[in-house]
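The values are calculated or read from the model by the stated rules, or taken from the named source; none is laboratory data. Since this is a predicted model, take the numbers as computed values, not measurements. When we count neighbours, we look across all protein chains shown, and the Cβ atoms used for this are built from the backbone with ideal geometry, even at glycine.
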Amino acid sequence: MPHPQLTTRHHARYALLDERVIEDACVDTADGLITHVSARADAPALPPDAHTIHHGEVALMAGQVNAHSHAFQRAIRGTTQRIGASHEDFWSWRGRMYEAAAALDPDSMHRIARLAYDEMAAAGITSVGEFHYVHHQPDGAPYEVPSAMADAVIEAAREAGLRITLLRVAYHEAAPGKPAEGTQRRFASPSLDAYLTDTLDLAARWRGVDGVQIGVAPHSIRAVPRTWLGPIAQLAAEQGWPLHIHACEQRQEIAQSIAAYGCTPIELLADAGALGPHTTLVHATHLSARDLDLIEAANAIVCACPTTERDLGDGFLPALNLLQRGVRICVGSDSHSVIDPWEELRLIEYHERLRYERRGVLTAAHPRWWPQWEGERGVAELLLLMGARHGAQSIGQGATGLTAGQPADLIACDLTHLAMRGADAASLGAYVTLSMPTGAVRRILG
Ligand SMILES: [Zn+2]
């Protein structure tokens, strides 16, 4: 490995940027940052101690962001597909997920998180937003080190080479006014003060560690009292942290909200001051016209998790309506039935094609954040922006992309992979976003 302070030049057949493809490309990195990107003919002279790596027939790209993960749920992949005689849906799946959560301790949490994160790294993901809620011992008592479970998850991400935003979940009740029960006691904070204190303690523990950030995550309006939402949002604003919340994944959740509060979850969040530009609404599957208005006005982000939503029979988000309003969409692998950021992205477009019975649905929306680039623009350019830039904004990790000044979170697509044969500069983005298997991707250390 070259010394991290020295310049490394990565030379490859292509570099895939947000708005264009560079042929015979050089990406220079030093001290963990990208310092230059251009065609080799235009690249600056290297300092004498620089190191050049010729990657050959690959396309260099920015790493992807997985904005919504529950790492431990990787443990139940393949175990929830034997459909019984009874009605199977999100809620019956949740019962089996709770059994897995009940069995965890810090060691097994670390092992399963490491497996999930290794799979993410192999699929082209370089940053993860971990929506972490298994905090306590099975009876609800804190561990001797209260952050033992969060620490195990963060360490697993670091070992896998991922940046992580640990979105520490607030959980208090089974449903509005109904105490947490059974496995939920492992998730629950006894009071708002306890939640805020534990979260600040976790942040202090990891402050200054490269690649680790903290955020807040009221689990859902089912699990967090209305009176908690404002103070949690206030803490996030004071600390400059992102706020994530599951919202409108299930119709039953909306019915519960209306019964308890007389409004939808999105209306409740807006009323509580918890809907803003640093809020990410995870799922946002079932939205009213009023919900869409509020999300647009707040400039909130929506995190779609299409592979999980299809596995659980949730439905899928109104992506065209959201983009027409300029709402930023990112993606997450959530329950990890599949870990494939490219599949998450392509399903956003493909679900809308099935709904509207036409092609090129998202590009027709012309969202306002889509830059006015020269030349033709297609769905690939739009999906790549969602995966990397919106994902990074969602988890509070700043910008990302293959440009000077950005972190050297590089990945490479193998152009000799059978699935990538035939890709050229004009079709590379479409190959990557719509056809590439994760087996064609590998991490490049900057
Ligand atoms: Zn989730």
Failed condition for GLY215, given (1) under 15 Å from PHE131 (Cα atoms); (2) assigned to a helix (DSSP H, G or I): (2)
Residues of the stretch 391-423 classified as closer than 25 Å to PRO242 by Cα, surrounded by fewer than 23 Cβ atoms within 10 Å (Cβ to Cβ), at pLDDT 95 or above and polar (S, T, N, Q), total: 1
Where GLY182 falls short, out of the listed (1) under 23 Å from the mean Cα position of the chain (by Cα); (2) at pLDDT below 95: (1)
Number of positions in the stretch 317-363 that are small (Gly, Ala, Ser) and more than 16 Å from the ligand (Cβ to nearest atom): 3
Helices (runs of 4 or more DSSP H) lying entirely in the stretch 239-348 (those with 3 or more residues that are hydrophobic (A, V, I, L, M, F, W, C)): 251-261, 265-271, 289-298, 319-324
Filter result (modelled with pLDDT of 85 or more, at negative phi and more than 16 Å from the ligand (Cβ to nearest atom)) within the stretch 54-86: HIS54, HIS55, GLU57, VAL58, ALA59, LEU60, MET61, ALA62, GLY63, GLN64
Which numbered condition CYS248 fails, given (1) crowded, with 22+ Cβ neighbours inside 10 Å; (2) closer than 20 Å to HIS68 by Cα; (3) more than 15 Å from the ligand (Cβ to nearest atom): (3)
Looking only at the stretch 140-190, and only at residues there that are in contact with a Phe, Trp or Tyr (Cβ under 6 Å, 6 or more places away or on another chain) and in a loop (DSSP other than H, G, I, E, B), the one that is surrounded by the most Cβ atoms within 10 Å (Cβ to Cβ): LEU162
Residue within the stretch 87-105 that is touching a residue at least 40 places away in the same chain (Cβ under 8 Å), in a helix (DSSP H, G or I) and more than 16 Å from the ligand (Cβ to nearest atom) present: yes
Qualifying residue in the stretch 396-409 (condition: more than 25 Å from GLU309 (Cα to Cα), part of a helix (DSSP H, G or I) and out of contact with any Cys (no Cβ under 6 Å at 6 or more places or on another chain)): no
